[in-house]
Structure formats: structure tokens, C-alpha cells
Amino acid sequence: MTFAHLIMLGLFLLGFWCVLTETDLIKIVVGFNIMEASLLLLLVKMAYVPGGRPPILFPAAPDAAKIVDPIPQALTLTAIVIGAATTALMLSLIVQLHRHYGTTDLDELREIR
Amino acid sequence: MIDHLPILVIVVPLMYGFCAAILKYFSVRAARVGFVSASSVQLALVAALARQVALQGTVEYRLAAWHPEVGIVLVVDVLAVLFAAIIAFCVLLVAVYSADYPAADSTSYFTLASILTAGMTGIVLTGDLFNLYVFIEMTSLSSVALVAVNRDEKGIRAALRYIVFSIVAGLLFLLAVMLLYGASGSLNMRIVAGQFAGFAPNLQAVVIALFAVALGIKTAVIPFHGWLPDVYTGSPSAVSALLSGAVNKTGIYMLARLLFTLTSPGSHGVLQPALLAAGAVTILGGHTLALGQTNVKSILACSSIAHTGYMVMGFGVGTAAGVTAGLFHALNHMVMKSGAFLSAEAMSTKGQDIQQWQGLQKRVSTAGVVFVVSTLALVGIPPFGAFMSKWQLATAAIQEGLWHAALFVPLGTAMAVLYYGRVYRSLFSLRCEESTADTDMQHLTTVRKLVLAAAAVGCVAPFLLHGGLLSVLRAAALNLF
Amino acid sequence: MESALISVLLVFLLGAASAAVFFDSILNSIISLGVFGALMAAVFVVYQAPDVAMAQAVVGAGLITSFFVVTLSKTSAGAKSEPE
């Protein structure tokens with residue numbers, strides 16, 4: 001457990017706390033984004049080798065042990081895009097909800113029901 | 001061509017999804033016909049794939065011919081092809097039924113349903129953990145959008161609830177996949193499963209727990225069922241049929257695939273009692289929730305929770321017989337629940353409340369008959385397939401000496417009789433409400449009648465053909481051991 | 001050198017995230033989230049993942065922030081036009 005891992009755990013818990021306690025739906029999406037970002041950081045951290053080079057081939061290929069692992073980075077790219085898609089869908093649902101109810105606040109929505 | 005079947009099964013619906021988005025600008029009718037034909041082609045491809053698996057055994061397809069350690073592989077064994085067939089059949093049923101889908105402005109339905117099909121098929125065929133995560137997200141995004149496809153208030157509220165649960169499940173799943181990659185350096189399921197026993201015990205426990213919770217949310221096992229009643233009630237009925245018939249089954253598939261390939265069947269430890277307990281609680285809780293509902297679709301939704309419980313309990317028994325029973329029930333549940341949701345839509349022209357269904361039986365005869373048949377099948381009485389799967393489940397549990405688990409099967413049936421009984425009493429009551437009497441009933445097209453009839457036949461067929469089916473299902477279950 | 005840089009960036013990251021969570025005004029918290037996304041891109045560069053950093057800068061910091069801003073403008077504009 002390094003300092004970086006502690007920060008990632010902190011980010012995850014912060015996001016989770018935001019999702020659980022906030023009543024505004026847009027803030028809840030912010031919370032989910034922070035939770036997801038903490039996992040992305042963990043993925044990139046997993047690939048990292050201290051003193052390593054980016055996984056880009058060039059004519060004088062360096063020592064293989066000194067290259068960071070490219071697979072988690074490829075996964076992170078995919079995860080970023082998936083996260084963006086999820087955020088977009090959730091925000092569009094919030095806009096639709098606002099069109100019907102005129103609010104994005106969970107407490108007010110419960111009263112309307 | 002035949003060599004590329006595994007990827008074609010995923011690509012065909014995906015391509016149609018994008019074609020439909022263009023096609024609908026020229027003719028909505030063409031998009032509808034195209035959806036039905038794409039689903040038929042899909043079922044035919046899955047059938048060809050099944051034949052290939054039957055002849056050659058497990059088929060492994062390397063995407064772009066990469067080596068399995070670095071590239072993505074699709075692994076098609078009997079279990080995978082069985083679930084691909086369940087999905088393709090359910091999608092075709094819904095596609096034909098919704099060929100004249102009433103909501104005119106929701107043409108994105110075809111695109112979303114096609115992408116959903118591709119995602120679900122990908123889930124069951126892939127042999128790569130991260131690829132599995134991508135397909136899970138693809139499935140959950142398209143199904144969330146499908147729930148809100150009519151843009152009505154109930155649908156949007158349900159979709160928001162659904163997406164919150166989906167995101168949490170997806171994040172937990174991603175974390176588990178990352179931990180597995182960190183420990184093994186590979187994403188190939190077979191390689192990871194081979195090394196799994198050598199991992200630190202704490203890591204094993206954390207990964208199994210993360211998978212169990214993520215998939216518990218996906219399949220709505222109690223206590224993670226909070227989203228399901230709202231979502232199945234709030235979405236259009238064709239979508240509810242798709243969600244409970246096919247999407248839920250992909251969760252069941254992943255539960256079986258991941259938990260059983262990671263932990264070797266002999267040494268389940270705490271997992272097996274946990275699955276048994278979750279199954280029992282889910283059966284009891286699902287039926288109890290259904291008892292309290294007055295909306296017919298809510299009743300069907302809550303009974304979906306309970307039926308998931310039977311499948312999970314089958315996996316909890318842990319023997320080949322138990323898993324076979326669980327898979328058999330998944331197959332039956334797909335047909336029964338699709339039939340029930342689709343016929344319920346045809347019946348609920350006045351509304352979905354039990355009171356509003358008074359005396360409806362005389363007016364919507366085909367839909368009424370199919371509704372009664374499919375709900376009787378859900379109860380699990382003899383001439384229907386679900387009776388056989390519940391019977392298999394109970395005997396498998398008793399063989400293992402798990403009498404207390406087997407008791408939940410007849411208990412669940414008794415509770416189901418209670419709440420469906422209330423629906424029947426309203427349905428067959430002679431007293432016709434004034435408002436019901438003078439509404440002109442929605443005219444069911446011949447196509448829809450045929451779909452409903454097919455679903456009704458599908459409820460009975462597994463009972464008659466259980467001998468042959470069980471041998472296939474047993475082969476599928478043995479893939480896990 | 002690298003580890004010190006990472007530590008500083010990570011602390012800033014936590015600060016930006018806290019700001020995004022604890023600001024009462026939604027506009028402020030969205031701006032903080034944009035800053036958070038940009039800092040993430042910087043962290044990715046230090047972690048030797050330039051390709052991921054590019055994607056994060058475009059998608060994570062740019063696109064997602066614009067989604068949020070569009071959502072905010074649509075939801076607050078509707079609220080104003082509605083008679084209370």
C-alpha cells in the first residue's frame with residue numbers, strides 16, 4: 001500500500017460518499033466520475049515501472065524490462081471511452097427527467113411521486 | 001465462412017444496429033422488417049454454430065489471429081452456444097412481436113435492441129475478461145436506453161435507477177478484472193483460471209466477492225434487487241420481455257462461468273453455502289414481494305427475482321445435476337417470462353392493475369389463453385417445462401442431502417399459486433366493469449398471435465422433450481467442471 | 001524526482017475531487033471536475049502513458065465537461081421558464 005494507492009482509495013470513497021449523500025442527480029454523476037477515475041488511475045499505476053519508458057517502439061528499442069506494460073494502458077483507453085458513454089447517457093436521462101418534472105433534485109422528485 | 005461463425009454471430013446484429021439507424025430515415029417499415037430478418041439470420045447462425053460445436057467440440061476463435069496470451073479469443077463451448085441460442089430465440093420472439101411496435105417516434109428501438117443483442121452474444125462467447133467487461137457495458141448501456149425508449153416519465157425514472165445500479169456493478173467488475181490481471185498478467189479466462197488457485201487467499205476472496213456482488217446486482221439476487229421491480233414495470237413490455245428473458249440470463253451465465261471456472265468445484269468452501277442461501281432468500285423474497293403487488297407487470301417482475309433464485313440455488317447445489325437443473329430453469333424461464341410479458345401487454349389496454357383486468361378473459365382470447373398458460377408454467381405445474389426443472393432442482397438438492405434447500409421449491413410454488421390466483425380471479429370474474437365493457441379491444445395482428453402461440457408451445461415443449469434437452473444441458477454443465 | 005512529482009499531483013487530484021464533491025454550486029463543481037480531469041491527464045503523462053493522457057485530456061477533461069455544461073444549461077434554463 002503506497003501513497004498513490006491511498007489517494008486512489010480516498011478518491012473512490014469520496015466518489016462513493018458523493019453518490020450516497022448528494023441529492024442532486026448531476027452531483028451524483030460527478031461522484032460516479034470520480035469513482036471511475038480512481039479505477040483508471042489504479043490501472044495505469046499497475047502498468048507503471050519506476051524509471052520505465054512509454055510503450056512506444058522506436059528503432060533503438062530499449063531494454064524490455066524498462067518499458068511500462070502496454071496492456072493496462074490500452075484497457076484504460078477503453079475504460080475512459082466507456083465512462084464517457086455512461087456519463088453521456090446518464091446526463092441525457094437527467095435532461096429528459098427535468099423536461100417531465102422540472103427538477104433534478106432527488107428529494108423533490110420523491111415528493112412529486 | 002464457417003470458420004468465422006463465432007465472430008459473425010456478434011457482428012451481424014451489431015452491423016444491423018447501425019444500418020437500422022440509417023434505414024429508418026428512408027422507411028420505418030424497412031427498419032422493422034430488417035430487424036426481424038437480422039434476428040432470424042442471428043438464430044440461423046447460432047444454430048450453425050451449435051452444429052459446429054456438436055461436431056468438433058469446443059471452438060476457439062482467435063480475433064485477428066493474435067496469440068491467446070495477448071489477443072482476444074472467443075471460446076464457444078456447449079454452455080456458451082446454449083446461452084447464445086436462448087438469447088437469439090428470445091430476441092427473435094420479441095423482434096417479431098414488436099414488428100408493428102406502436103410507438104412511432106421510438107425508432108431508435110431497433111438500433112438499441114440490435115446492439116443489445118450483439119452485446120449479450122458477446123458476453124456469452126468471449127474468453128477474455130476485459131472484453132467481457134466491454135460487452136457488459138455495451139449490454140447495460142443499450143438496455144438502459146431501451147427502458148427509456150418511449151421517453152415517458154415511468155421509463156425515465158426506471159432507467160435512471162437502472163443505470164445507477166449498472167454503473168456500480170460495472171465498476172466492481174472492472175476492479176475484479178484489474179486485480180486478476182495484476183496477479184496473473186493475463187486476461188485470458190483459461191490462463192487466469194489455471195493460476196487462480198495459486199493466488200494469495202485474501203486476493204481470491206476479494207475477487208470472488210467482487211464478482212459475486214457485481215453479478216448479484218446484474219441478476220437482481222436479493223439483497224441487490226432494488227432496481228428490478230421498477231425497471232421491469234416501467235419499461236415497455238417488449239423491452240421487459242427482452243430484459244428478463246435474455247439480459248438477466250447473461251448475468252446467470254457469467255455467474256456460472258466465472259465462479260465455477262475460477263474456483264474448482266471440489267473446493268468451493270464458503271461460496272457454495274452462500275449461493276444456496278442467496279438462492280433460498282431470493283426465492284422467498286421474490287415471491288413475498290410479488291404477493292404485495294397489485295400491478296400485473298410488477299407481479300411478473302417480482303416473480304423474475306424469485307426465478308433467478310431457483311437458478312442460483314441450482315448453482316449452489318454444486319453438483320452437475322444441480323447446475324443442469326439451474327440451466328434448465330434458465331431456458332424455461334426465458335420462454336415463460338417472455339410469453340407472460342408479451343401477452344400481458346396485449347391484455348393491458350385498460351391498464352395493468354389487477355382491478356382493471358376484470359372479465360378481460362372473454363375479450364382478448366388468444367392473449368388471455370397465452371397469459372394463463374405462461375403464468376401456470378411459471379407456477380410450475382406438471383404439463384409445463386418449469387415443473388421438470390424445479391423437479392430436477394429438488395432431486396439434485398436431495399441427492400446432496402440438502403433437504404432444507406429442496407423445501408424452498410414447493411414453498412415457492414405454493415406462494416406463486418397465491419398471487420397468480422388473485423390475477424385469475426379478476427381475469428375470469430363474470431362481473432364486467434362498465435368501463436371495460438365498452439372499450440374496443442386492441443386488435444391483435446396475426447403475427448402477434450403467432451408469436452404468443454409460439455411462446456405457449458415453448459412453455460410445454462421442454463416438458464415433452466426433457467430427455468433430449470437434459471442430455472444437452474448436462475453436457476453444458478460439464479463444461480464448468 | 002518522479003515520485004515527488006507524482007505525490008504532488010496526486011494531492012492536487014484529491015483536492016480537485018474534494019472541491020467537485022463539496023462545492024454547493026453545481027457549476028463550480030463541474031469546473032472542478034474539469035480541472036480534475038486535466039490533472040488526471042498530467043498524472044498519466046508522469047506514469048509514462050502519453051496515449052492515455054491524450055485520450056483523457058480530450059474525452060475525460062474536455063468532452064465530459066462539455067456534456068455537464070450542456071446538461072446544466074438545459075436543466076437550469078427549463079427551470080427558469082417554468083412558472084413556480
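The values are calculated or read from the model by the stated rules, or taken from the named source; none is laboratory data. What you are looking at is a predicted structure, and each value in this text was computed from that prediction instead of being measured. Cβ coordinates were reconstructed from backbone atoms using ideal geometry, including for glycine residues, and neighbour counts include every protein chain displayed. Just the protein is used for accessible areas: all its heavy atoms, side chains included, with ligands, DNA and RNA removed. Shrake-Rupley method; radii C 1.70, N 1.55, O 1.52, S 1.80 Å.
Here the gap between B:His404 and B:Asn202, fully extended at 0.36 nm per residue and compared with their Cα-Cα distance, gives a gain of 69.7 nm. Spin-label model, C:Val8/A:Ile56: points 7 Å from Cα along the beta carbon direction are separated by 2.4 nm. Volume per residue for the protein assembly as shown equals 164 cubic angstrom (convex hull of Cα atoms). Rounded to two decimals, the Cα-based Rg/Rh of segment B:295-345, with Kirkwood Rh, is 1.08. Normalised by residue count, segment A:3-112 yields a Cα convex hull volume of 90 Å³ per residue. In this structure, B:Glu69 and A:Thr78 have a Cβ-Cβ separation that, at R0 = 22 Å, corresponds to a calculated FRET efficiency of about 0.75. Treating each Cα of chain C as an identical point scatterer and summing with the Debye formula, the log10 of I(q)/I(0) at q = 0.17, 0.24, 0.25 Å⁻¹ comes to -0.72, -1.09, -1.13.
Here r is the Cβ-Cβ distance between A:Leu13 and B:Gln195 and R0 is 30 Å; the resulting FRET efficiency, rounded to 0.05, is 0.50. Let me know the whole percent of all Cα-Cα pairs from segment B:288-410 that are separated by more than 18 Å. Tail fraction, whole percent: 54.
Computing Rg and the Kirkwood Rh from the Cα coordinates of chain B gives a ratio, Rg/Rh, of 0.96.
The calculated pair-distance distribution of segment B:1-141 uses every alpha carbon pair, bins of 10 angstrom beginning at 0, and gives 13, 42, 31, 12, 2 percent. Neighbouring Cβ atoms from other chains, within 10 Å of the Cβ of residues in C:9-16, number 4 on average.
Residue by residue along B:148-154, Cβ atoms of other protein chains within 10 Å of the local Cβ number 3 on average. As a length-normalised measure over Cα pairs under 8 Å and 6 or more apart, the relative contact order of chain A settles at 26 percent. With 17 Å as the cut-off, how large is the P(r) tail for segment B:25-71, expressed as percent of Cα-Cα pairs? When all Cα pairs of segment B:25-71 are counted, 60 percent exceed 17 Å. Within the accessible area of the protein assembly as shown, what % is carbon and sulfur when the probe is 1.4 Å and the other protein chains stay in place? For the protein assembly as shown, the apolar C and S fraction of the accessible surface comes to 68 percent.
Heavy-atom accessible area buried between chains B and A is around 2800 Å² (1.4 Å probe, both sides summed). For the pair B:Glu60 and A:Glu108, a Förster radius of 41 Å applied to the C-beta separation gives a FRET efficiency near 0.15, rounded to the nearest 0.05. Considering only C-alpha atoms, what is the centroid distance from segment B:364-418 to segment B:119-188, in Å? Between the Cα centre of segment B:364-418 and that of segment B:119-188, the gap is 30 Å.
Building the convex hull from the alpha-carbon atoms of segment B:267-481 and averaging its projection over directions returns 11.8 nm².
Other protein chain C-beta atoms within 10 Å of residue C-beta, averaged over A:98-104: 6.
Accessible area per residue for segment B:1-104 is 47 Å², calculated with a 1.4 Å probe on protein heavy atoms, without ligands, DNA or RNA.
Each peptide in B:383-391, B:446-454 was scored by the mean count of other Cβ atoms within 10 Å over its residues; highest first, the order is B:383-391, B:446-454.
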